[in-house]
1. Cβ contacts < 6 Å: first residue farther than 17 Å from Arg112 by Cβ, restricted to the stretch 143-170; second residue part of a helix (DSSP H, G or I) and modelled with pLDDT of 90 or more, any location; separation 6+ or different chain. Result?
2. Would you mind telling me which numbered condition in (1) more than 35 Å from the chain's Cα centre (by Cα); (2) open to solvent by less than 50 Å² (accessible area, probe 1.4 Å); (3) modelled with pLDDT under 80 Cys64 fails?
3. Looking at the stretch 135-149, which of its residues are within 18 Å of Ala104 (Cβ to Cβ) and more than 31 Å from the chain's Cα centre (by Cα)?
4. Just wondering, is there one or more residues in the stretch 262-274 that are modelled with pLDDT of 85 or more, open to solvent by 60 Å² or more (accessible area, probe 1.4 Å) and not polar (S, T, N, Q)?
5. Picking from Val740, Val766, Val760, which residue would you name as being at pLDDT 75 or above, over 30 Å from His290 (Cα atoms) and either of a type outside the set (Phe, Trp, Tyr) or not in a helix (DSSP H, G or I) (or both)?
6. For the stretch 381-432, which positions are open to solvent by 50 Å² or more (accessible area, probe 1.4 Å), at pLDDT 70 or above and charged (D, E, K, R)?
7. Residues that are at pLDDT 85 or above and in contact with a Ser or Thr (Cβ under 9 Å, 6 or more places away or on another chain): which strands (runs of 3 or more DSSP E) entirely in the stretch 85-196 hold 3 or more of them?
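The values are calculated or read from the model by the stated rules, or taken from the named source; none is laboratory data. Quick caveat, the model's predicted, so the values are computed rather than measured. Here the Cβ positions follow ideal geometry from the backbone for every residue, glycine too, while neighbour counts run over all protein chains shown. Calculation scope for accessible area: heavy atoms of the full protein, side chains included, ligands and nucleic acids excluded. Shrake-Rupley method; radii C 1.70, N 1.55, O 1.52, S 1.80 Å.
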Amino acid sequence: MGAVSVRLRWLLRRHWVATVGFALAAGLACGLSLVAWDAARRTDQVFDRFLAATDSPELDVTFCPPEVISIDDADVDTCLHYDQLAERDVVRRLPEVAGAHRAAVRTGVMARADHPDPAEQVVFFSAMLDPGMPTPLGRPIVVGGRLADADAPDEVMVNEAFLRQYHVGLGDRLRLQAFAAGEDEQTPVDQRRSPAVEARIVGVVRTLQDLSAANDGGQAKVSATVFTRPGVDRRMEHAAAFFSAVLVQARDGDAPRARAAIDRAFPHRPVNNQYATSADDEVPLRDAYHYEARAALAVAVLTALAALVFVGQALARQVRREWADADVLRSIGLSPRQAALAAAGRGLIIGVGAALVAGALAIALSPVAPIGHARQGALDRGVHVDPVVLGIGLPVLLLAVVLVSALPAWRVAAAHRRRRRGRPLRRLPTSNLSPSMAAGLGMAANGGHDGVGLPVGTAMAGVVLASSVLVIAPGLVASLHHLVATPARYGATWDRSISSLQSGEPPGVREHLGALDGVERAAAMYGTELVVGTESLWAVALEPVDEATPPVAPTITRGREPLRASEIALGDLSLRRLGVQIGDEVLVAASIAGATPQPLTVVGTAVINATDEGSPGLGAVLSPEGMVRVAPGTAATNFVVDLAGGEPGRAALADLEAAYKPQLSGPVQQPAVRNLDRLRAVPWVLAGIVAAFAAGSLAHALLLLVRRHRRQLAVLKTLGFTRAQVSGAVAWQTTALVAVALAAGLAVGALAARSAWRAVADHLGVASGAVVPLVPILLVGVAVLVFANLVAVGPARRAAAIRPAEALRAE
């Protein structure tokens, strides 16, 4: 072991700066990977932990009075305003139910009580009529203050959106007034029947609704909400419910079992027995956090791979260079095994230092996790030590550094011992090339095969990887932008939607749209919850407003839209979940108890724009006749309009804004689309990480290439090359090597971007093809070439300063 220890001491003494530098580089790279891995694990757990903490209800059950046998338009308001006290007591006694509480959503106005002439703002009141559950979405996360007392007559809670929108805070007093039936913000104050209530904000809370990507823009933005408990709600006499329901917490969380028990308990009454709003939000929110967790995991994996490839390449090149300089040790017969052991010992020292740096960095940066929008739902954000991450990551780092250090030393020592000669030099046609170009291309073509050069294949593989990722990033972002900027691709084939907060159609809207110039297509949209096979889906039907105006058509990706009462089109994801194909029959029924299922034939796949579903690939489209057949009494409360281009369209839009401004809105992105849009920066982050490692690896490779080509460069100078020509030769060598790798990387990146986006579009169920932008790809190519030549400036200057006599003295 004497030769090994001599070699190891020589390495540490002569190359201690490189040893410290590689320990820091490997430690920082691995530390960032561990941070990202920890963030991925914690982000993936956020949703389940939030749900467990809130204990949200599983079912949202709406009962009609006993005398209502079937529901038509006239009975909708009756059912929504019905006090369901007796039904709540029946539900509570069911063994499948753990708890049941009455809740209501009201609309009204709010004003600051401490202002002399306060301006009223329309707000939502989320009211609990029974004690036991603080809000209709369960037990919220308190981010300021405390929960309001259930029986306090003057205590309310608000969400964070309320604070942002109305610039109020804890302790402020509000004057609240819920609207009675038939009232709205236009009703004069002296004619409102519900009394004004003064209350104090005692808590700021965060619920599942505040986290949802569905609540972010358009109609679906986060509602500024006041949460009232029974003590305050009792003071709001004559207040009308926007809807009222019994919220059910299933025993052991078994919602299907509780739902079936409730249906059996009320066999002859119309019961709207749906999964609660929190359950509707569950899929898109879980997907959102899963996307962010996978993005963090991708950063972790890519950072680890980049560190292994690029830092490992640099370390391996350094080991080869160090062995090539150890002429004395080779002359005394240091064996390949001894060389590998010496390098492994040095690698162990580097690995231990890197592990210490990586572990410290992972713990220090752990408070940054969870990442992205999942951070809003995190219950713990402090310093976190993940034994799985550190227990696996640090030993792997140590082993990788030792192997990367030992293997190149063993291979180089073995090659020298066998006195392996270099491969024959490649000859290039040089008659039409300048001397600098001919020399540079010759060095690039021969790489390390001339016996003294350094292999550059790994460095070029790094350039291929980096340029591929730099192409994938703009490709994915461009495809995402194309989806988000084209509403028809996520199911909104219209420009504007007119809705009403009241049941039934806005009066006169059909005639108005039919007579309005500048309206190319218009339709009344019917929507309701249906049970399709084993799935509960939101279904829509589009009916022409009159015979003269063409109807708005749904986005159909395969097959055709339903034209008859016996036909249905399903979202692509719904089609897969149900396990059916176009041409199959499915049983479809209204969601109320006792509804008779109707067999409908699947005639196509559609992209459905409905905020009641989390993804464009979920839901169903029926013909108007089919909607009447399956769910009679469903009212059209939305009208969608496709406007003409140019001045006629602008004039029509101005007319609609004047007539329906409070109810007019543009297309609304579904939660899954918004969740994906949230990750727009992730591809650039990944590209930046890879590019940073590739830049360092390329710079190191070029420095070592110039050092190992000292003899050739010295010969060129003795033949009359000027300093500028020597620098030019290095520049041409760099350009040739990078250009070859770049061509391969751009092609691979373009194909990978298309494949990746196809997988994303299939997961969403949207009609959006991949976009591969040519200009950004060309800019990436130019940027990589320019960067490589800028990096080569330093090595080129060193090459130009070579003194031929010193470089050739050993020859």
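1. Every condition considered, the pairs that remain are Ala150/Pro230; Asp151/Gly231; Ala152/Gly231; Pro153/Gly231.
2. If we test Cys64 against (1) more than 35 Å from the chain's Cα centre (by Cα); (2) open to solvent by less than 50 Å² (accessible area, probe 1.4 Å); (3) modelled with pLDDT under 80, just (3) comes out false.
3. Hit for the stretch 135-149 is Ala148, nothing else.
4. Yes.
5. Within the list Val740, Val766, Val760, the selection yields Val740.
6. Arg381, the sole residue that qualifies.
7. Answer list for the stretch 85-196: 97-112, 121-128, 155-159, 173-178.
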